[in-house]
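Undergrad: The following block contains the structure, expressed as structure tokens.
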Amino acid sequence: MTKQEKHQKIIELDDNLANKIAAGEVIERPASVVKELLENAIDAKSTQITVKIEESGLKSIEIIDNGEGIAHDEVALALKRHATSKIKDVDDLFRIRTLGFRGEALPSIASVSELTINTSVADNGDESGTLLVAKGGEIIQNSPAPKRIGTRIKVENLFYNTPARLKYIKSLQAELGHITDIINRLSLAHPEVAFTLINDGREMMKTAGTGELKQALAGVYGISTAKKMIAISAQDLDFDVTGYVSLPELTRANRNYITVLLNGRYIKNFLINRAIVDGYGSKLMVGRFPIAVIDIKIDPFLADVNVHPTKQEVRISKERELMVLISKAISQALQPQTLIPDALENLTKQTKPVFPTPKHEQTQLPLQNKTLYYDTDRQDFYVKEKATFEKVPETLSELETSTIVTAQSDPEPVQAEVLLTETVALAPEADEKANQTFPEFEFLSQMHGTYLLCQSPEGLYIVDQHAAQERVKYEYYRDKIGQVNYDQQQLLAPIFINLPQNDLLTVLEKKDLLAEAGVFLDAYGDNQLILREHPIWMQDDEIESATYELIDLLLDGREVSVKKYREDLAIMIACKSSIKANMYIDAASARDLLQQLSQCENPYNCPHGRPALVAFSNTDLEKMFRRIQQTHKGGWNTQF
């Protein structure tokens, strides 16, 4: 090793190399370019933005807007690092109201591509605009150009001088998916802006830009999905939260359909995502997540957006208070909703229409020409009479999913036990806690020792007996566990809890949380805790297992919540002690179970989110038996 290799001198990197390094942080893929340029266009107060891409952005990306534009003497300056119009001093970092502010995007993009900017300012008195061309960060042309409205930026041959970056680019389809996702999020964040995406000359999406968030939801997820979204709203001294969340029957298998917006910026925040899911309580199935758009308005002083290169991660002051506010808003919005899934709708989602259509005809929606409108008074979509239609992919309808689980019957044939019919009195004298929307029906019979069949003037109901009793017992145990007092039962022989030393220290530090649930533990020996008494709601055969369950919840990597581990413990006890499938019960027991279910705060789901009952309306049954049939004009005829 030479002397020179042992001691490397500190040098200042030239601007070109520094910009390439910055590009590695900010510009990961073509979608990153689209995101940065779209945010600049929105900051420039654009109301119409068109995105044209070729080969999913690798060949070219063109952003055309009708914003304020850039003055001639500032265009070249915009390609210098940390040149920005968004902030002036240090104090401005703590009151950022724009999407961009660092001044890194344009120089980073220019350093790894061939860049063309054509822009002009409408009200500055200049008779011409500016045309700037740069390659690899070096300006090769900066001249006057015909005046235009707004700015047109074209990025070509992305990563041409950093070929190593191309190794990590996925398929063109995957890159196109990333770009579409960026535009979808921004259209939800800014429904007042009309976005158009054109890929290889074909228009892929177009939003109306009317300012209605629900209309933007219909443009992104489809009309049928938007109709199953309910509005939420909540405010306190620090936060103003609005948005839409899906009904529990409409869920996805991952969190990708949750969009969190902070002052118009799409952000990623695990705790807020968890607060959204917690707002559903036990109405969601395990492993399922809602579709949600949560728009948070906050004083910029309470948020630090300068903590991540792409500005998608944000530090928020009073984050816990915000989580509580969001969960409460969602819970209150879902409370008045009737949550009995329509069985026929979920069973026939993939059925073909009764009347034939041309083989290659695509679903036609008026969304493409801005003729779909959302009426806030009627809370529904409508189309103007002279609407013109354009074709959109049929896959919009495929976005619909259902959380209904079809139970698999026993392989061996089981004779359904038919029980006497008797009207189930669903507590007209019930206390105020009873849900008034729960149907009053007659119990008919039990099927396969698993389902209870009932009828009402509105139709047929099928009740899952395990889910129903699990809901009843869950609410009982949840209330009992919540009633923490000093009613304790002394143990004849104490129970010793053995834990590793690190877990033991954590439990001792947070044992007050266990005490709030009525479990009092003390140190005993090097790696032991001792339990001398237990709360009276614990069954004798569940004391040790329930105590370990509480400790496991306490040691979980998530934020400890007394409410959460009370709820989880109640779910565990309710599930283990409830009637199972293939267990036959008599008519009196079935009616008693239905009576108890009607008294529940949420009688529609088990604690794991599975439906406790599903419904076939009279209309559904008539359609199934063709007693009513659809006419060629779209109406319905009754057959007798």
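The values are calculated or read from the model by the stated rules, or taken from the named source; none is laboratory data. Small disclaimer: the values here were computed from a predicted structure and weren't measured. Positions of Cβ are backbone-derived with ideal geometry, glycine not excepted, and every protein chain shown enters the neighbour counts. Side chains included, ligands, DNA and RNA excluded: accessible areas come from the protein's heavy atoms. Shrake-Rupley method; radii C 1.70, N 1.55, O 1.52, S 1.80 Å.
Undergrad: Can you tell me which of (1) out of contact with any His (no Cβ under 9 Å at 6 or more places or on another chain); (2) touching a residue at least 40 places away in the same chain (Cβ under 8 Å); (3) hydroxyl-bearing (Ser, Thr, Tyr) is the one SER282 doesn't meet?
TA: Among (1) out of contact with any His (no Cβ under 9 Å at 6 or more places or on another chain); (2) touching a residue at least 40 places away in the same chain (Cβ under 8 Å); (3) hydroxyl-bearing (Ser, Thr, Tyr), the lone unmet condition for SER282 is (1).
Undergrad: Looking at the range 235-282, which of the residues that are among the polar types (S, T, N, Q) and buried (at least 20 other Cβ atoms within 10 Å of the Cβ) is farthest from GLY177 (Cα to Cα)?
TA: SER282
Undergrad: Scan the range 131-175 residue by residue and report those that are under 26 Å from ILE42 (Cα atoms), of a type in the set (A, V, I, L, M, F, W, C) and part of a strand (DSSP E or B).
TA: The answer is LEU131, LEU132, VAL133, ALA134, ILE139, ALA145, ILE153, VAL155.
Undergrad: Can you tell me how many residues within the range 186-232 are more than 21 Å from GLU54 (Cα to Cα), touching a residue at least 40 places away in the same chain (Cβ under 8 Å) and not in a strand (DSSP E or B)?
TA: Residues in the range 186-232 being more than 21 Å from GLU54 (Cα to Cα), touching a residue at least 40 places away in the same chain (Cβ under 8 Å) and not in a strand (DSSP E or B): 22 in total.
Undergrad: Identify all residues within the range 45-65 that are surrounded by fewer than 20 Cβ atoms within 10 Å (Cβ to Cβ) and either of a type in the set (A, V, I, L, M) or not in a strand (DSSP E or B) (or both); write none if there are none.
TA: Correct list: LYS45, THR47, GLU55, LEU58, LYS59.
Undergrad: Would it be correct to say that ASP526 is touching a Lys or Arg at 6+ places or on another chain (Cβ under 8 Å) and surrounded by fewer than 17 Cβ atoms within 10 Å (Cβ to Cβ)?
TA: Spelling it out, it is not the case that ASP526 is touching a Lys or Arg at 6+ places or on another chain (Cβ under 8 Å) and surrounded by fewer than 17 Cβ atoms within 10 Å (Cβ to Cβ).
Undergrad: Continuing with this model, one more query. Within the range 541-565, which residues are modelled with pLDDT under 65 and either open to solvent by less than 40 Å² (accessible area, probe 1.4 Å) or in a helix (DSSP H, G or I) (or both)?
TA: Within the range 541-565, VAL560, VAL562, LYS563, LYS564, TYR565 qualify.
Undergrad: Now for a different question. Within the range 124-140, does at least one residue satisfy the condition of being under 24 Å from GLU68 (Cβ atoms), modelled with pLDDT under 75, in contact with a helix residue (DSSP H, G or I) (Cβ under 7 Å, 6 or more places away or on another chain) and not hydroxyl-bearing (Ser, Thr, Tyr)?
TA: Yes, that holds for at least one residue.
Undergrad: Taking the condition modelled with pLDDT of 70 or more and hydrophobic (A, V, I, L, M, F, W, C), does ILE10 pass?
TA: Yes, satisfied.
Undergrad: For residues in the range 73-95 being in contact with a Pro (Cβ under 9 Å, 6 or more places away or on another chain) and surrounded by fewer than 21 Cβ atoms within 10 Å (Cβ to Cβ), which is modelled with the highest pLDDT?
TA: The selected residue is ALA78.
Undergrad: Restricting attention to the range 574-584, and to residues there that are in a loop (DSSP other than H, G, I, E, B) and not basic (Lys, Arg), which single residue is least open to solvent (accessible area, probe 1.4 Å)?
TA: It comes out as SER578.
Undergrad: Any idea how many residues of the range 585-628 are touching a residue at least 12 places away in the same chain (Cβ under 8 Å), in a loop (DSSP other than H, G, I, E, B) and aromatic (Phe, Trp, Tyr)?
TA: Total satisfying the criteria: 1.
Undergrad: Oh, and also: Applying the selection to the range 195-213, what residues are buried (at least 20 other Cβ atoms within 10 Å of the Cβ) and closer than 24 Å to GLY243 by Cα?
TA: PHE195, MET205, LYS206, THR207, ALA208, GLY209, LEU213
Undergrad: When you look at ARG288, is it touching a residue at least 40 places away in the same chain (Cβ under 8 Å), within 11 Å of the chain's Cα centre (by Cα) and either on the phi > 0 side of the Ramachandran plot or open to solvent by 50 Å² or more (accessible area, probe 1.4 Å) (or both), yes or no?
TA: yes
Undergrad: Can you pull out every residue in the range 101-121 that is open to solvent by 10 Å² or more (accessible area, probe 1.4 Å) and at pLDDT 60 or above?
TA: Of everything in the range 101-121, those that are open to solvent by 10 Å² or more (accessible area, probe 1.4 Å) and at pLDDT 60 or above turn out to be GLU104, ALA105, LEU106, GLU114, THR116, ASN118, VAL121.
Undergrad: Scan the range 483-502 and tell me whether some residue there is buried (at least 21 other Cβ atoms within 10 Å of the Cβ) and of a type in the set (S, T, N, Q).
TA: No, because not a single residue in the range 483-502 is buried (at least 21 other Cβ atoms within 10 Å of the Cβ) and of a type in the set (S, T, N, Q).
Undergrad: State yes or no: is THR162 hydroxyl-bearing (Ser, Thr, Tyr) and at pLDDT 85 or above?
TA: No, not satisfied.
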